[in-house]
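Scroll down for the structure; my scribbles are underneath it.
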Amino acid sequence: MGKLILVATPIGNLADVSTRQTEALQQADLVAAEDTRHSGLLLQHLGLKKPLLSYYQHNEEKREGRLLAELQAGRTVALVSDAGTPGICDPGSAILRAAVAEGHEVDAVPGPCALIQALILSGLPTERFAFEGFLPRGQALPPYLESLRQEQRTLIFYEAPHRLQNSLQMLLQAFGPERQIAVCRELTKKFQEINRGSLAEICALWQERQPKGEFVLVLAGAEAEQTAAAAEPAAVQEHLARLLAGGMKHKAAAKEVAAIYKLPVSEVYQMGLALKK
Ligand code: SAM
């Protein structure tokens, strides 16, 4: 029986390579890599020379037989993706399942993962979170976001730079201007940057910039938002006052603000009356 090891690699900073990652790559007879050229450079950086086999999204099924044959022959196969943890929005899970099914030994060497890095830097609650991968495109996006409106866990999304501005607008429409978000850019790299604030603020910020690099979006869950509102009733009042000043009817404004802050409509309506005095 052979051994399959999923080895995490840096998400942008080569100094994040660990001793265990290096040892796992060293002990492998073969390295399966999403991009052999990219991983070849990593091996070169570590002073290792290993046979490389391409293993990416579109040849995963085709390659499975070859990798299982290597394991059957008693070899140790290390699997790396372009960046971060294999199996997280990257190939790795299918071959691990197949290796387990055939009774091979499997292991994973931990390391960087963009979603965890973003979550801990976001400043948003980390106790409960849901990773949603890449946002769906086109017409599938609005109903998908609607289905997440009541989600209380902190939400994490991966996003491509050319879609960032539109996605932020869609989040603003779905979750309202006060929902807190952290846009995490170029994590662990030289130009790492975290923008924290309300969706209204962060949308405005990114409409004026040309998004470049890699991004993770971390959005506050519904409950966290409610807690924030309870701590800051001024934010609720301000939101309501803005809608009323914009000409919205008192009842409609109360309904909208109550939905965003998960408050009883009657309570928000009363706030509106107080504002009018
Ligand atoms: N397996 C990787 C991991 O462990 O995070 C994720 C691979 S997925 C194909 C690539 C996406 O991850 C990017 O589009 C971006 O959303 C996110 N990502 C990866 N590296 C990042 C970084 N250094 N900074 C911000 N986001 C990053």
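The values are calculated or read from the model by the stated rules, or taken from the named source; none is laboratory data. Owing to the predicted nature of the structure, the values given are computational and were not obtained by experimental measurement. Please note: Cβ atoms are built from the backbone with ideal geometry, for glycine as well, and neighbour counts cover all protein chains shown. Note: areas computed on protein heavy atoms with side chains; ligands, DNA, RNA excluded. Shrake-Rupley method; radii C 1.70, N 1.55, O 1.52, S 1.80 Å.
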Handout entry: Across 3/50; 49/189; 50/212; 3/189, pairs whose alpha-carbon gap is larger than 22 Å
Key = 49/189; 50/212; 3/189
Practice task
Could you pull the accessible area for residue 255 with a 1.4 Å probe, rounded to 10 Å²?
Solution key: 130
Exercise for the section: Compute the accessible area per residue over the stretch 3-112, keeping the other protein chains in place, probe 1.4 Å, unit Å². Expected result: 49
Fill in the blank from the handout: Listed by chain and number, the residues whose amide H is under 5 Å from that of residue 130, excluding neighbours fewer than 5 places away on the same chain and using placed H, are 154, 155, 156
Fill in the blank from the handout: Checking 188, 19, 154 against a Gaussian network model of the chain (alpha-carbon springs below 10 Å), the top fluctuating residue turns out to be 19
Handout entry: Proximal lysines to residue 251, defined as alpha-carbon separation beneath 22 angstrom and excluding residues fewer than eight positions away on the same chain
Key = 262, 276, 277
Handout entry: Pair residue 61, residue 105: separation of 7 Å Cα→Cβ label points (nm)
Key = 3.2
Completion exercise
Length gained, residue 149-residue 93, 0.36 nm per residue minus C-alpha separation, equals 17.2 nm
Handout entry: Fully extended contour minus Cα-Cα distance, from residue 49 to residue 14, at 0.36 nm per residue
Key = 10.9 nm
Practice task
In whole Å, largest first, what are the principal axis extents of the Cα atoms in the stretch 1-131?
Solution key: 48, 33, 25
Problem - Gyration tensor (alpha-carbon) shape descriptor, the stretch 231-276, a/c threshold 1.5 - result: rounded
Handout entry: Length released on extending from residue 275 to residue 237, taking residue separation times 0.36 nm less the Cα-Cα span
Key = 12.9 nm
Handout entry: Span-like helix ranges in the chain, DSSP H, alpha carbon extent 15 angstrom or more, Kyte mean at least -1.0
Key = 164-175, 233-245, 250-261, 265-276
Handout entry: Using a Förster distance of 25 Å, the FRET efficiency for residue 259-residue 201 (Cβ separation, nearest 0.05)
Key = 0.75
Fill in the blank from the handout: Largest fluctuation, 21, 152, 139 only, Gaussian network model of the chain with Cα springs under 10 angstrom, belongs to 139
Exercise for the section: Provide, in order from the shortest bin, the percent of all Cα-Cα pairs of the chain in each 5 Å bin, continuing until the bin that contains the maximum pair distance. Expected result: 1, 5, 11, 14, 13, 12, 11, 9, 7, 5, 4, 3, 2, 1, 0, 0, 0
Exercise for the section: Out of all DSSP beta bridges with both ends in the chain, state the antiparallel percent to the nearest 5. Expected result: 45
Handout entry: Candidates 132, 232, 159: whichever shows maximal mean-square fluctuation once the chain is modelled as a Gaussian network with Cα springs under 10 Å
Key = 232
Practice task
Counting only DSSP beta bridges with both residues in the stretch 3-112, tell me the antiparallel percent, nearest 5.
Solution key: 5
Exercise for the section: Using a 1.4 angstrom probe on heavy atoms only, work out the carbon and sulfur share of the accessible area of the stretch 56-160 in %. Expected result: 50
Problem - Centroid-to-centroid separation of the stretch 18-72 and the stretch 249-269 [C-alpha atoms, Å] - result: 56
Exercise for the section: Name the residues whose placed amide hydrogens come within less than 5 Å of the amide hydrogen of residue 11, ignoring near sequence neighbours (fewer than 5 apart) on the same chain. Expected result: 84
Completion exercise
Computed about the Cα centre, the charge dipole of the stretch 231-276 from +1 Lys/Arg and -1 Asp/Glu charges at the Cβ has a magnitude in debye, to the nearest 20, of 220
